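The values are calculated or read from the model by the stated rules, or taken from the named source; none is laboratory data. Only a predicted model underlies this, so the values are computations on that prediction, with no experimental measurement involved. So basically every Cβ, Gly included, is an ideal-geometry build from the backbone, and we count neighbours across all protein chains shown. With ligands, DNA and RNA removed, areas are computed over all heavy atoms of the protein, side chains included. Shrake-Rupley method; radii C 1.70, N 1.55, O 1.52, S 1.80 Å.
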Amino acid sequence: MEFEQLISAATRARATALAPYSHFPVGAALQTRAGKIYTGCNIESSSYGLTMCAERVALFKALSDGERQFSAIAIAAAVDRFCPPCGACRQVLWDFARDITVILLSLSSERKILKMTDLFPHAFDDGFLIHD
Ligand code: THU
């Protein structure tokens, strides 16, 4: 089935989460248009506000590797609900990956497939900024 590899990468990434404060591990897997997969897990700091979500870890790993074109992201939390990206992740995903496919995974392996525009309508982005 489509997205199988991406889904298992997100689920595996969840196992490496560093979430001792929230006990809410999350895994994400971001696919480039060329088919490469970058994974991320949430990483919590003892200064809670410095915590980084799984989605942004995956995205920043890919961006720092020079990747610029993306097609989909899968997100796996350890709850039997579909865990959507937080507001901060939606903004950054929109900034760098635009209208990619978003696959939300429940613990019982159900999936919900959305587009970023479903999750983040009326987005702010660089189109509003004045450039020389
Ligand atoms: N978290 C993510 O990694 N991704 C999400 O989509 C939602 C929230 C993390 C941040 C924090 O480590 C924990 O989940 C609880 O908010």
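Counting only DSSP beta bridges with both residues in segment 29-132, what percent are antiparallel, rounded to the nearest 5?
70 percent
Check each of the trypsin sites (Lys or Arg not before Pro) in segment 40-132 and keep only those in coil by DSSP with at most 16 other C-beta atoms within 10 angstrom; list them in order.
Loop-located and lightly packed - ARG68, ARG81, ARG98.
Sorted from largest down, what three extents in whole angstroms do the Cα atoms of segment 72-132 have along their principal axes?
50, 16, 16
To the nearest 0.05, what FRET efficiency results for SER108 and SER22 with a Förster distance of 30 Å applied to their C-beta separation?
0.90
Starting from the residue with the highest accessible area, list PHE96, PHE128, PHE24 in decreasing order, probe 1.4 Å. Don't jump to the answer; show the numbers that get you there.
Values: PHE96 100, PHE128 135, PHE24 75 Å².
My answer, sorted largest first, is PHE128, PHE96, PHE24.
Between segment 1-61 and segment 84-132, how many Å separate their Cα centres?
Answer, in whole Å: 15.
Efficiency by 1/(1 + (r/R0)^6): what FRET value for ASP125 and LYS36, r their Cβ-Cβ distance, R0 = 30 Å, to the nearest 0.05? If you can, show how the numbers build up before the last one.
Details: r = 24 Å, r/R0 = 0.81.
Computed FRET efficiency for ASP125 and LYS36: 0.80.
In Å², what does the accessible area per residue of the chain work out to with a 1.4 Å probe?
Heavy-atom accessible area per residue stands at 56 Å².
Excluding ALA123 itself, what net charge comes from residues whose Cβ is under 11 Å from its Cβ, given Lys and Arg +1 and Asp and Glu -1? Could you put the intermediate results ahead of the total?
Numbers: positive: ARG90, ARG98; negative: ASP95, ASP99, ASP125, ASP126.
Net charge in that neighbourhood comes out at -2.
Given the rule -39500 (n - 2.57) for each run of at least 4 DSSP H residues, summed and divided by the residues of the chain, what is its mean residue ellipticity at 222 nm, to the nearest 500 deg cm²/dmol?
The helix contribution divided over the chain gives -8000 deg cm²/dmol.
So how many Å³ per residue does the convex hull of the Cα atoms of segment 1-71 work out to?
Convex hull volume per residue, Cα atoms: 80 Å³.
How long is the chain along each principal axis, judged by its Cα atoms, biggest number first, in Å?
Extents along the principal axes: 47, 41, 28 Å.
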